[in-house]
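K.L.:
Sharing a structure below in structure tokens format, with a few things to ask.
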Amino acid sequence: MDFILKVWRQNGPDAPGRLVTYEATNIPPEASFLEMLDIVNAGLEARGEDPIAFEHDCREGICGSCGMMINGRPHGPGRGITTCQLYMRQFKDGQTIVVEPWRAKAFPVIKDLVVDRSAFDRIIAAGGYISINTGSAPEANSILVPKEDADLAMDAAACIGCGACVAACKNASAMLFVAAKVAHLALLPQGKPERRRRVLAMVAAMDAEGFGNCTNEGECEAECPKNISIAHIARLNREYLRAKFFSR
Amino acid sequence: MDTTLDAKVPSGPLERKWSDYKSTIKLVAPANKRKYTLIVVGTGLAGASAAASLGELGYNVLSFCFQDSPRRAHSIAAQGGINAAKNYQNDGDSVWRLFYDTIKGGDYRSREANVYRLAELSVNIIDQCVAQGVPFAREYSGVLANRSFGGAQVSRTFYARGQTGQQLLLGAYGALMRQVAAGRVRLFPRREMLELVVVDGVARGIVVRNLVDGKLESYVADAVCLATGGYSNVYFLSTNAKGCNVTAIWRAHRKGAFFANPCFTQIHPTCIPVSGDYQSKLTLMSESLRNDGRVWVPKQAGDRRHPNQIPEAERDYFLERKYPAYGNLVPRDVASRSIKAVCDEGRGVGPGGRGVYLDFADAIKRDGRAVIEQKYGNLFDMYYEITGENAYEVPMRIYPAPHYTMGGLWVDYNLMSNLPGLFVLGEANFSDHGANRLGASALMQGLADGYFILPVTIGGYLADARLPKLDTDHAAFKDAEREAAARIEKLLAVRGKRTVDSFHRELGLLLWDKCGMSRNETGLKELLEQIPALREEFWRDVTVTGSAGTFNQVLERAGRVADFLEFAELMVIDALERRESCGAHFREEYQTEDGEALRNDDLYAYVAAWEFTGVGNRPILHKEPLIFEYVKPTQRSYK
């Protein structure tokens with residue numbers, strides 16, 4: 001298959017960027033989107049040109065490294081997949097494909113399609129955990145967890161921290177990311193003692209990073225590669241209200 | 001000169017060794033811990049759990065990873081589960097049985113005391129992870145659920161859907177970020193370790209490249225811990241993440257750390273077959289699928305009918321036929337070799353005939369589609385995305401692929417290498433899996449090393465070590481920085497015609513052919529000609545675009561491939577030297593009449609630990625004899 005690519009090239013956070021056109025030729029339909037970029041890059045490298053920088057690692061949809069806007073959609077067409085799980089057979093032969101980085105104030109561009117997502121780490125550092133030291137845990141089966149709660153917590157915990165939710169949102173809000181962690185821990189008995197402190201600290205950190213607010217339009221849920229439900233945002237809001245208004 | 005290595009295994013009965021040792025090991029007083037700076041490289045299960053636990057204890061920890069966030073380390077991709085001897089199923093499990101299964105699964109090439117400690121700690125790991133909020137699968141009663149895994153006849157594997165590694169890593173990452181917030185751990189993401197700094201024979205620091213601005217940075221510490229994972233990517237195509245590499249441990253090896261059993265590489269039986277030469281990696285389908293999936297090929301070579309049209313009587317369920325006691329749940333090495341054997345007979349299926357069926361039709365008939373979907377839904381989805389085939393209706397096609405490396409830097413019982421002050425954890429060390437790792441044991445080992453073992457043993461080292469104050473102006477740091485810079489300049493100066501990946505692919509194919517699932521003397525000797533020639537061509541004709549002082553992914557890859565090209569030779573030398581078959585190391589010359597691995601305990605019951613003597617020079621072999629006091633090595637049988 002052949003494609004025309006229009007790829008965002010940008011040398012650094014303060015450098016101007018622009019769309020550059022490349023031809024991707026002889027691409028097998030079984031190739032993933034990233035493998036298609038590998039082929040294009042191999043051609044650039046062989047000619048001594050600077051290849052397109054993009055982030056990737058596991059290439060099986062779990063590490064959360066890859067992510068780019070493909071024809072205006074985070075991770076491209078298709079539901080519940082990351083960019084590395086997108087295959088070229090999803091496109092039409094000869095199609096033009098526009099590839100851009102995540103666009104958000106809190107995610108500055110490092111180079112081309114690579115952005116700095118360390119804001120997510122700082123939000124987790126603010127409270128996205130249960131404060132237990134190694135060695136102080138009780139016997140695992142001493143606290144029973146209803147299967148329904150464990151399953152729901154797992155649905156939320158499946159977040160891979162890729163940032164597609166932020167990229168999809170017109171406000172560049174990180175609510176789905178924060179909600180997934182808050183909900184995962186609030187749903188489990190082990191997470192309840194710290195629920196108040198956690199939600200307040202994580203929301204404050206999220207605001208400090210410059211993410212926008214949530215206006216309930218649901219783009220994040222539609223583009224989340226792990227199909228994380230915005231019901232968790234409702235859960236986050238409840239946790240937040242509960243923490244704000246009902247002190248001990 | 002060859003020496004015999006001392007593993008410093010404590011005396012006393014097996015089941016008391018660790019607890020007695022822990023009670024008597026020297027400690028660092030709480031107020032003194034903050035005076036020590038410790039470097040941890042890698043943030044997978046071993047690295048993140050170690051950095052978090054050391055921070056909790058009060059040490060000053062510097063944590064490094066090449067990814068943009070510690071949460072992305074490759075442990076995240078582990079699917080199936082984690083073993084623990086909880087015996088929640090009342091099926092006769094115990095610490096002893098997990099120990100025994102692991103020793104046997106490793107084909108009697110691991111150290112008894114380490115493996116027993118691992119089995120002992122397995123139960124604490126589950127407690128710790130549950131307390132952290134890891135959402136393990138549960139029964140309707142609210143208790144934890146279990147499933148079976150290869151190489152075991154009990155059900156002791158804990159899991160979080162098909163994403164157990166992800167959930168355990170996020171637990172460890174949370175613990176790590178808590179210490180970052182507390183100021184006890186400083187995080188250095190997007191850094192690649194390029195040199196280990198050794199001062200007067202003691203590991204005292206590292207040189208890293210900042211992958212954003214390309215600058216070299218030096219860090220000094222009282223001890224260096226490497227938790228940098230395995231080297232399966234030496235084969236180019238593997239189930240590992242693209243960034244996984246041998247560089248950190250190879251650089252440490254070049255500075256004097258012994259590399260143990262490099263030829264022990266695990267080829268995982270259940271991966272999606274290769275579909276073309278554009279392919280960048282192979283995808284694993286969790287071993288847990290073998291609980292319900294049945295492996296088969298047509299009885300007749302060249303049978304090209306659609307699988308659903310091949311009647312039961314014309315199918316060969318070869319694992320069930322050859323190994324009735326374990327059936328489809330034989331260990332990985334045994335399954336992989338059997339799959340290769342039926343494909344070599346021309347009975348393989350799919351394009352190129354390199355594949356076998358993994359069929360869920362019986363399980364779906366027995367349990368219903370909903371149950372299978374609940375257990376493996378995400379794996380079936382993944383298979384569909386990659387192949388476009390619906391495994392609920394058509395059997396999956398699988399073929400073995402490089403997955404895990406049992407070999408790694410040599411460590412003693414304290415997880416310290418022969419270089420004082422250098423500790424090695426998780427897949428990066430060689431210690432617990434012998435010649436073959438059982439499923440669901442990698443997560444267990446990474447977390448045991450990081451949460452429970454290193455935090456104790458490193459205290460013992462620090463309490464006794466007399467470490468002079470140092471800073472990065474020391475000559476050893478300046479030398480290491482110069483070495484790293486010179487290497488980068490050399491890569492950029494070649495300005496040849498071939499891409500980095502083309503060399504990596506070629507190296508991978510050579511190794512896969514002659515040092516993969518089976519090896520023989522002729523092939524290995526050919527490799528010892530071919531690898532140095534390829535390495536020479538690399539340094540003559542590779543093209544590395546861009547410059548040193550910028551974000552440069554080609555340069556990152558070039559450095560890693562350069563190290564793989566040196567390391568591969570050691571792997572082949574080790575495979576050649578070990579004239580026996582054991583676990584994943586199958587030498588065609590040494591097999592039983594029915595084609596099983598034939599060990600030679602008289603001559604090879606040792607750990608081969610290699611000392612670096614220069615690129616292209618013959619490394620020196622040091623041996624750690626393996627003494628079995630509690631289990632008697634026997635011919636491994638899963639029949």
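Each value in this text was obtained by applying a stated rule to the coordinates, not by laboratory testing. Please read these numbers as outputs of a predicted model, since none were measured by experiment. Methodologically, a virtual Cβ is constructed for each residue, glycine included, from the backbone with ideal geometry; neighbour enumeration extends over all protein chains shown.
K.L.:
Can you tell me the FRET efficiency between B:A341 and B:S141 if r is taken as the Cβ-Cβ distance and R0 is 56 Å, rounded to the nearest 0.05?
P.N.:
0.80
K.L.:
So what are the range B:475-604's ellipsoid semi-axes, whole angstrom, largest first, if each one is the square root of 5 times an eigenvalue of the alpha-carbon gyration tensor?
P.N.:
36, 17, 11
K.L.:
What list do you get for B:L443, A:L200 if you sort them by fewest beta carbons within 10 Å?
P.N.:
Neighbour counts put them in this order, fewest first: A:L200, B:L443.
K.L.:
Sort the range B:189-267 into rounded, prolate or oblate with this rule: let a ≥ b ≥ c be the square roots of the eigenvalues of the Cα gyration tensor; rounded if a/c is under 1.5, and if a/c is not under 1.5, prolate when a/b is larger than b/c, oblate otherwise.
P.N.:
Oblate shape, in that a/c is at least 1.5 and b/c is the bigger or equal ratio.
K.L.:
May I ask what percent, to the nearest 5, of DSSP beta bridges between residues of the range A:3-111 are antiparallel?
P.N.:
Counting only bridges with both partners in the range A:3-111, antiparallel ones make up about 75 percent.
K.L.:
In chain B, with Lys and Arg counted as +1 and Asp and Glu as -1 at Cβ, which of these residues, B:W539, B:G407, B:T247, has the Cα nearest the positive end of the dipole, that is, farthest along it?
P.N.:
The listed residue farthest towards the positive side: B:T247.
K.L.:
Cα centroids of the range B:300-357 and the range A:20-42: how far apart, whole angstrom?
P.N.:
Taking the Cα centre of the range A:20-42 as reference, the centre of the range B:300-357 is 34 Å away.
K.L.:
Can you work out the FRET efficiency for the pair A:I143 and A:T21, with r the C-beta to C-beta distance and R0 = 60 Å, to the nearest 0.05?
P.N.:
Using R0 = 60 Å, I get an efficiency of 0.55.
K.L.:
Something else now. For B:L194, enumerate residues with amide H under 5 Å from its amide H, sequence gap 5+ or separate chain, H modeled in the peptide plane.
P.N.:
Amide H neighbours of B:L194: B:V207, B:V208, B:R209.
K.L.:
Can you list residues whose amide H is under 5 Å from A:I97's amide H, if they're 5+ apart or on another chain and H is modeled 1.01 Å from N?
P.N.:
Those lying under 5 Å, H to H, from A:I97 are A:I4, A:L5, A:K6.
K.L.:
Can you give me the C-alpha center-to-center distance between the range B:571-624 and the range B:69-101, rounded to a whole angstrom?
P.N.:
Each part reduced to its Cα centre gives a spacing of 28 Å.
K.L.:
Still on this structure, I have one more. Using the Karplus equation 6.51 cos²θ - 1.76 cosθ + 1.60 (θ = phi - 60°), what ³J(HN,Hα) coupling, rounded to whole Hz, does each residue of the range A:60-65 give in order, writing x for Gly and Pro?
P.N.:
Whole-Hz 3J(HN,Hα) from phi for the range A:60-65: 9, x, 10, 7, x, 6.
K.L.:
Say a paramagnetic label sat at a point 7 Å from the Cα of B:K478, along Cα to Cβ; which residues of the range B:191-213 have their backbone N under 20 Å from it?
P.N.:
So the set is B:195-202, B:204-208.
K.L.:
In chain B, what % of DSSP beta bridges are antiparallel (nearest 5)?
P.N.:
For chain B, the DSSP antiparallel bridge percentage is about 70.
K.L.:
Which semi-axis lengths, in whole Å and largest first, follow from the square roots of five times the eigenvalues of the Cα gyration tensor of the range A:1-108?
P.N.:
20, 18, 13
K.L.:
Cut-off is 10 Å between beta-carbons; in what order do A:H184, B:H306, B:H433 appear when sorted fewest neighbours first?
P.N.:
Ranking A:H184, B:H306, B:H433 by Cβ neighbours within 10 Å, fewest first, gives B:H306, A:H184, B:H433.
K.L.:
Here's something else I'd like to know. At q = 0.06, 0.08, 0.10, 0.11 Å⁻¹, what base-10 log of I(q)/I(0) does the Debye formula yield for chain B when every alpha carbon is treated as an equal point scatterer in vacuo?
P.N.:
For chain B at q = 0.06, 0.08, 0.10, 0.11 Å⁻¹, log10 I(q)/I(0) is -0.30, -0.54, -0.87, -1.08.
K.L.:
While we're looking at this one, here's another question. Give me the dipole magnitude in Debye, nearest 20, for chain B about the Cα centre, with unit charges on the beta carbon: positive for Lys and Arg, negative for Asp and Glu.
P.N.:
1160 debye
K.L.:
Follow-up question, since we're still on this one. Only Cα pairs within less than 10 Å get springs; with that Gaussian network setup on chain A, which residue of A:A106, A:A208, A:A172 has the largest fluctuation?
P.N.:
A:A208
K.L.:
Restricting to bridges with both residues inside the protein assembly as shown, how much of the DSSP beta-bridge set is antiparallel, in percent to the nearest 5?
P.N.:
Restricted to the protein assembly as shown, the bridges split so that about 70 percent are antiparallel.
K.L.:
Taking the dipole about the Cα centre of the range B:235-303, with the C-beta of Lys and Arg at +1 and of Asp and Glu at -1, give me whichever of B:F236, B:Y278, B:I267 is farthest to the positive side.
P.N.:
Projecting each Cα onto the dipole axis, the largest value belongs to B:F236.
K.L.:
To the nearest 0.05, what FRET efficiency results for B:S11 and B:E320 with a Förster distance of 41 Å applied to their C-beta separation?
P.N.:
0.35
K.L.:
Next up: At 7 Å along Cα-to-Cβ for each site, give me the label-to-label distance between A:R89 and A:A234 in nm.
P.N.:
For A:R89 paired with A:A234, the spin-label model returns 3.8 nm.
K.L.:
Compute the angle between helix B:500-514 and the longest alpha-carbon principal axis of chain B, please, reported from 0 to 90 degrees and rounded to the nearest 10.
P.N.:
So the helix axis and the longest Cα principal axis differ by about 60 degrees.
K.L.:
Dipole size in debye (nearest 20) for the protein assembly as shown around its Cα centre, Lys and Arg Cβ +1, Asp and Glu Cβ -1?
P.N.:
Computed about the Cα centre, the dipole is about 2100 debye.
K.L.:
Taking the Cα centre as origin and putting +1 on Lys and Arg beta-carbons and -1 on Asp and Glu beta-carbons, what dipole magnitude results for the range B:349-462, to the nearest 20 debye?
P.N.:
The dipole magnitude comes to about 160 debye.
K.L.:
Can I ask one more? Is the protein assembly as shown best put as rounded, prolate or oblate by its Cα gyration tensor, with a ≥ b ≥ c the root eigenvalues, rounded for a/c under 1.5, and otherwise prolate when a/b is larger than b/c, oblate when not?
P.N.:
The shape class here is rounded.
K.L.:
Still on this structure: Lys/Arg Cβ at +1, Asp/Glu Cβ at -1, dipole of chain B taken about the Cα centre: which of B:L621, B:V95, B:P70 is farthest positive-ward?
P.N.:
Selected residue: B:P70.
K.L.:
Using alpha-carbon positions, what is the distance between the centroids of the range A:198-223 and the range B:147-204, in Å?
P.N.:
If you average the Cα positions of each part, the centres end up 28 Å apart.
K.L.:
Just want the ordering: B:K525, B:K632, B:K26, A:K181, from fewest to most Cβ atoms lying within 10 Å of their own Cβ.
P.N.:
So the residues, fewest neighbours to most, are B:K632, B:K26, B:K525, A:K181.
K.L.:
By how many degrees, between 0 and 90 and to the nearest 10, does the Cα long axis of helix B:95-105 differ from the longest principal axis of chain B?
P.N.:
80 degrees
K.L.:
Once both labels are modelled 7 Å past Cα along the beta-carbon direction, what's the B:L603-A:K105 spacing in nm?
P.N.:
Label at B:L603, label at A:K105, 7.2 nm between them.
K.L.:
Using the basic label-point model (7 angstrom from Cα toward the beta carbon), what is the B:E537 to B:S19 distance in nanometres?
P.N.:
Each label point lies 7 Å from its Cα, and together they span 5.9 nm.
K.L.:
Nearest 10 degrees, 0 to 90: what angle lies between the long axis of helix B:475-494 and the longest principal axis of chain B (Cα atoms)?
P.N.:
50 degrees
K.L.:
Let me ask something additional. Sort the range B:268-402 into rounded, prolate or oblate with this rule: let a ≥ b ≥ c be the square roots of the eigenvalues of the Cα gyration tensor; rounded if a/c is under 1.5, and if a/c is not under 1.5, prolate when a/b is larger than b/c, oblate otherwise.
P.N.:
rounded
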